[in-house]
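Enquirer: Let me begin by handing over the structure; questions about it come next.
The values are calculated or read from the model by the stated rules, or taken from the named source; none is laboratory data. Only a predicted model underlies this, so the values are computations on that prediction, with no experimental measurement involved. As a convention, Cβ positions derive from the backbone with ideal geometry for all residues, glycine included, and neighbour counts pool all protein chains shown.
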Amino acid sequence: MNHTHTGEASPQALQSICIVGGGTAGWSAAALLSRVLQGSGCRITLVESSDIPTVGVGEATIPPIFDFLRNIGADEVAFIRRCQATFKLGIQFRDWLHRGHSYWHPFGNLGVTINQRPFHHYYWKNLAEGHDEGLADLCPSVALAEDNKFAFPSPDGNWPGGAVAYALHFDAGLVAAFLREHAEAAGVERLDRRILRAERGEGEHIAAVHFDNGESLSADFYIDCSGFRGLLIEEALEAGFDDWRRWLPCDRAVAAPTAAQSVRAPYTVATARSAGWQWRIPLHHRTGNGLVYCSDFIRDDDAAEELREGLGGPPIANPRVLRFTPGLRKRVWIGNCLALGLSAGFLEPLESTSIHLIHTGLNRLLDLFPDRSFDPVLIDSYNRDVEREYAHIRDFLLLHYCPNQREGEPFWDHVRNIELPDTLVEKMALFERTGRIMSKHRELFSDISWFYVAAGMGLRPAAIDPLVDVAPFEEVRKVIVQLRDAMGAFRAAAPTHDAILDRLLDPKETRRPNFGAGAGWANR
């Protein structure tokens, strides 16, 4: 990244930014903006109170986490070591379709493209012809996950190693500390203050934030990372909130850590429970657990008990209850104030999107970066794009719930009968009739992710893409057998996830894996 700064700044250029709140959102903003604005003369101040605890959710991520680390100039191995991270090849969903059933939403590709058609169409054709290859035969991330193994994607891009993709599990509190160090080294000033209120100026602008010690701070631009409270965006600017409980009724979570697992699995587990679902996230030093639930269908005490029953070991800290409302501010950016993270909106962490939404919010800010005129065209474009992104993820989360076959269970009966958004109805109809999935440019979840979850939740296309029949099936069949055999050899040769972690976390290990292309490091 080029930091050269030439010429004088425009007289309208931002000269000061105030980030309200720390945690993952605040320190992500500080780390990225301090790097991008290096040499511009823009002063960045982050205000947080050490006596207000952060929520600390978001222990699992998706693959774009590495883009963010590269964008802030962080050393990925140092990040993994500091944040007690483990690798994540995807999510295993247990009991969602019905009790005793499980399916995978892995990262990475399924099979190979044949005749310019995505492989998932040939997957259905192969089943229809009476063959039984499953995802573990054709998706390397699933094969590795099933064996508690891990391998970095191969640098040549060849299948199967080239089709592996991965993310991280980590300790959210340690992540914020890592990012803080990174940002402060780049010149961000941290103020340990409790904010009493935000003062509105002319129109829809923040004029200053006032602290409990009588001091105040003014800035050109404010980023609200104050969590669900929305100290600036809601309390001062009255953005309003679109409540999405009619679609996503879960509104609480109870979380409790347990000891580290003897074998650290390279995937997240999401298990459907009586009125929601339970997560299990294996970290290096402990296991993160929690139950997301709907308070209309289960009492808090019963939810905590259900979580305890599913822990598989005693909790090492008292359970914490988190209350939330799924949805999104009506406007995330108003005047000179932008909300980020929980102060912008919240979607349950079923697909580990919380931290990703912080980072896409920041990337979008860079695409539409303002000067002190705060052109409404930039702001309107930002707000429209955020609404589209949240709605896309909302629909994807709903796909995990609405096709369930858990008849006779009140919560699951309820979510099966929710009136779905038109956008999801159209997507499901296209898939169930024709097997097609039409994702739009820049949407987070691509066609293959929709395939994994739709197929996992029991949806089956009535017809197969006719272009699949252009290639003689006996030729397709040869390709599938080759893939299956190559997968078997790849799977057998891969090291265990624990072996990779032990090497990576060993301070004496100086050789660095080439992230995104480091199979040689993994297998030497």
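Enquirer: List the residue pairs whose Cβ atoms are under 9 Å apart, where the first residue sits in the range 157-183 and is within 22 Å of A494 (Cβ to Cβ) and outside the structural domain of T353 (by TED's automatic domain parsing), the second is among the acidic types (D, E) and in a helix (DSSP H, G or I), and the two are 6 or more positions apart or on different chains.
Expert: Taking only residues 6 or more apart or on different chains, not a single pair turns up.
Enquirer: Listed residues L311, L357; which is under 19 Å from A270 (Cβ atoms), in contact with a Ser or Thr (Cβ under 6 Å, 6 or more places away or on another chain) and not polar (S, T, N, Q)?
Expert: Only one candidate passes the filter, namely L311.
Enquirer: Before we move on, is L362 part of a strand (DSSP E or B) and either among the aromatic types (F, W, Y) or out of contact with any His (no Cβ under 7 Å at 6 or more places or on another chain) (or both)?
Expert: In short, no.
Enquirer: Looking at the structure I just gave you, is L430 more than 25 Å from the chain's Cα centre (by Cα) and not polar (S, T, N, Q)?
Expert: Yes, satisfied.
Enquirer: Mind counting the residues in the range 343-354 that are of a type in the set (A, V, I, L, M) and either at pLDDT below 95 or farther than 29 Å from T271 by Cβ (or both)?
Expert: Residues meeting the conditions: 0.
Enquirer: Could you tell me whether the range 92-104 includes any residue that is within 30 Å of L467 (Cβ to Cβ), of a type in the set (A, V, I, L, M) and in a loop (DSSP other than H, G, I, E, B)?
Expert: Yes - at least one qualifying residue is present in the range 92-104.
Enquirer: Would you mind telling me which numbered condition in (1) in contact (Cβ under 8 Å) with a residue 40 or more places away in the chain; (2) over 17 Å from A339 (Cα atoms); (3) under 27 Å from the mean Cα position of the chain (by Cα) C225 fails?
Expert: The number of the failed condition is (2).
Enquirer: Something else about it: In this structure, is S262 more than 30 Å from L424 (Cα to Cα), in a loop (DSSP other than H, G, I, E, B) and free of Cβ contacts under 8 Å to residues at least 60 places away in the same chain?
Expert: For S262, the condition - more than 30 Å from L424 (Cα to Cα), in a loop (DSSP other than H, G, I, E, B) and free of Cβ contacts under 8 Å to residues at least 60 places away in the same chain - is met.
Enquirer: Collect the residues in the range 450-500 that are surrounded by 21 or more Cβ atoms within 10 Å (Cβ to Cβ) and closer than 30 Å to R82 by Cβ, keeping them in residue-number order.
Expert: Answer for the range 450-500, where residues must be surrounded by 21 or more Cβ atoms within 10 Å (Cβ to Cβ) and closer than 30 Å to R82 by Cβ: A494, H497, I500.
Enquirer: If you don't mind, another one. With respect to the numbered conditions (1) surrounded by fewer than 20 Cβ atoms within 10 Å (Cβ to Cβ); (2) outside any strand (DSSP E or B); (3) touching a residue at least 40 places away in the same chain (Cβ under 8 Å), which one is the sole condition not fulfilled by E306?
Expert: (3)
Enquirer: Just checking, which of E234, E238 is farther than 30 Å from L97 by Cα and either part of a loop (DSSP other than H, G, I, E, B) or at pLDDT below 95 (or both)?
Expert: Result of the check over E234, E238: E238.
Enquirer: Pick from I62, I44, I52: which is in contact with a Ser or Thr (Cβ under 6 Å, 6 or more places away or on another chain), touching a residue at least 12 places away in the same chain (Cβ under 8 Å) and part of a loop (DSSP other than H, G, I, E, B)?
Expert: Every option except I62 fails the conditions.
Condition check ((1) assigned to a loop (DSSP other than H, G, I, E, B); (2) over 30 Å from L505 (Cβ atoms)) across all residues:
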residue	(1), (2)
L174	no, no
F178	no, no
E181	no, no
L191	no, yes
E199	no, yes
H210	no, yes
N213	yes, yes
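Enquirer: Here is a follow-up. Just one of R99, R117, R94 is within 23 Å of the chain's Cα centre (by Cα) and in the same structural domain as A486 (by TED's automatic domain parsing); which is it?
Expert: Only one candidate passes the filter, namely R94.
Enquirer: Sticking with this structure for a sec: Give the range 205-255 a look and list any residue that's among the polar types (S, T, N, Q) and touching an Asp or Glu at 6+ places or on another chain (Cβ under 8 Å), or say none. Show your work before the answer.
Expert: Kept after step one, since they are among the polar types (S, T, N, Q), are these residues of the range 205-255: 213, 216, 218, 226.
The one that is among the polar types (S, T, N, Q) and touching an Asp or Glu at 6+ places or on another chain (Cβ under 8 Å): S216.
Enquirer: Residues in the range 138-154: is at least one small (G, A, S), over 16 Å from R484 (Cα atoms) and assigned to a loop (DSSP other than H, G, I, E, B)?
Expert: The answer is yes; a qualifying residue exists.
Enquirer: Considering only residues that are in a loop (DSSP other than H, G, I, E, B) and either at pLDDT below 95 or more than 30 Å from L504 (Cα to Cα) (or both), which ones fall in the range 105-122?
Expert: Matches in the range 105-122: G108, N109, V112, T113, N115, Q116, P118.
Enquirer: What's the total number of residues in the range 249-264 that are in contact with a helix residue (DSSP H, G or I) (Cβ under 7 Å, 6 or more places away or on another chain) and of a type in the set (G, A, S)?
Expert: Within the range 249-264, residues that are in contact with a helix residue (DSSP H, G or I) (Cβ under 7 Å, 6 or more places away or on another chain) and of a type in the set (G, A, S) number 1.
Enquirer: Another one. So Y103 ticks every box in (1) without any contact (Cβ under 8 Å) to a residue 24 or more places away in the chain; (2) buried (at least 18 other Cβ atoms within 10 Å of the Cβ) but one. Which box is left unticked?
Expert: Going through the list (1) without any contact (Cβ under 8 Å) to a residue 24 or more places away in the chain; (2) buried (at least 18 other Cβ atoms within 10 Å of the Cβ), Y103 breaks only (1).
Enquirer: If I filter the range 186-244 down to residues being acidic (D, E) and out of contact with any strand residue (DSSP E or B) (no Cβ under 6 Å at 6 or more places or on another chain), which single residue comes out as surrounded by the most Cβ atoms within 10 Å (Cβ to Cβ)?
Expert: Our first condition is that a residue be acidic (D, E); within the range 186-244, this holds for 189, 192, 199, 202, 204, 212, 215, 220, 224, 234-235, 238, 242-243.
Checking which are out of contact with any strand residue (DSSP E or B) (no Cβ under 6 Å at 6 or more places or on another chain) leaves us with 192, 202, 215, 234-235, 238.
Details: D192: 12, E202: 7, E215: 11, E234: 19, E235: 14, E238: 13.
For the range 186-244, the residue satisfying everything is E234.
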